[in-house]
Amino acid sequence: MLRKNGPAFYKDPTPRAVCRLQPDNPAYILRLISCQKPRGYLESAAVIHTVSPVIGAGDWMLRVYKDEHNREKVDLSGLPVGTLALAVTGVERGFKLHTTGVRTKPLEFSAANIGPVVAEYIESIKGLRASHWQSIITACGAVPVVAEAEEEDSEIEDESLDGARGRMYIPSSSPCHE
């Protein structure tokens, strides 16, 4: 069984033999006092190995700002959110292919089959703190630069691409080659 608090996703997973309760069980919290809570979400050896060629080769700027409630937020616009989500989806898939000890036939790695999984990971990744991003980027071999972002500009319109992607190409009216 692939565990939510296990070695596929965490650098330091909850030991299987110690904590067998599901996280939604009220007794789980009590057991966490006596056992190891998982640490290092998305920093497992498998995730870091998978994503390091991309993240390790990049220059990443961690911009932090305060929201309207004075809480620290990370500006995700320059971070590899999608890359990390695809990598962890691939790791999950790899682990699931071997859960029985025998490799099973996988479904096609397509948007239809993995899109919802990637979307769930993206939601989770959006909640990572700057220190966690720093840890992931460093584990991949890159050195993140941390900077305070300017106040979030609420006047900038978010131009949604939904429904517009198919019409984005505008052919040149020039007779020259494009």
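The values are calculated or read from the model by the stated rules, or taken from the named source; none is laboratory data. These figures come from a predicted structure and were not determined experimentally. Note that we place each Cβ from the backbone using ideal geometry, even for glycine, and neighbour counts take in every protein chain shown.
When you look at Ser34, is it at pLDDT below 85 and either within 14 Å of the chain's Cα centre (by Cα) or more than 19 Å from Gly141 (Cβ to Cβ) (or both), yes or no? Before you say what the answer is, go through the steps one by one.
Values: at pLDDT below 85: yes; either within 14 Å of the chain's Cα centre (by Cα) or more than 19 Å from Gly141 (Cβ to Cβ) (or both): yes.
Taking the combined requirement at face value, the residue satisfies it.
Taking the criterion of being closer than 21 Å to Asn5 by Cβ and modelled with pLDDT of 95 or more, would at least one residue in segment 18-28 satisfy it?
For segment 18-28, residues closer than 21 Å to Asn5 by Cβ and modelled with pLDDT of 95 or more: absent.
Of the residues in segment 120-132, how many are under 14 Å from Arg63 (Cα atoms) and either aromatic (Phe, Trp, Tyr) or touching a Cys at 6+ places or on another chain (Cβ under 6 Å) (or both)?
Selection size over segment 120-132: 0.
Just to be sure, is Glu123 under 14 Å from Tyr41 (Cβ atoms) and either surrounded by fewer than 16 Cβ atoms within 10 Å (Cβ to Cβ) or at pLDDT below 90 (or both)? Break it down into steps so the answer makes sense when it comes.
Working: under 14 Å from Tyr41 (Cβ atoms): yes; either surrounded by fewer than 16 Cβ atoms within 10 Å (Cβ to Cβ) or at pLDDT below 90 (or both): yes.
For Glu123, the condition - under 14 Å from Tyr41 (Cβ atoms) and either surrounded by fewer than 16 Cβ atoms within 10 Å (Cβ to Cβ) or at pLDDT below 90 (or both) - is met.
If you check Val117, Val74, Val145, which single one turns out to be touching an Asp or Glu at 6+ places or on another chain (Cβ under 9 Å) and under 19 Å from Arg63 (Cα atoms)? Full working, then the answer.
Details: Val117 fails: under 19 Å from Arg63 (Cα atoms); Val74 fails: touching an Asp or Glu at 6+ places or on another chain (Cβ under 9 Å).
Exactly one of Val117, Val74, Val145 is touching an Asp or Glu at 6+ places or on another chain (Cβ under 9 Å) and under 19 Å from Arg63 (Cα atoms), namely Val145.
I'd like the full set of residues that are closer than 23 Å to Gly40 by Cα and aromatic (Phe, Trp, Tyr), limited to segment 91-120.
Residue satisfying the conditions is Phe95 alone.
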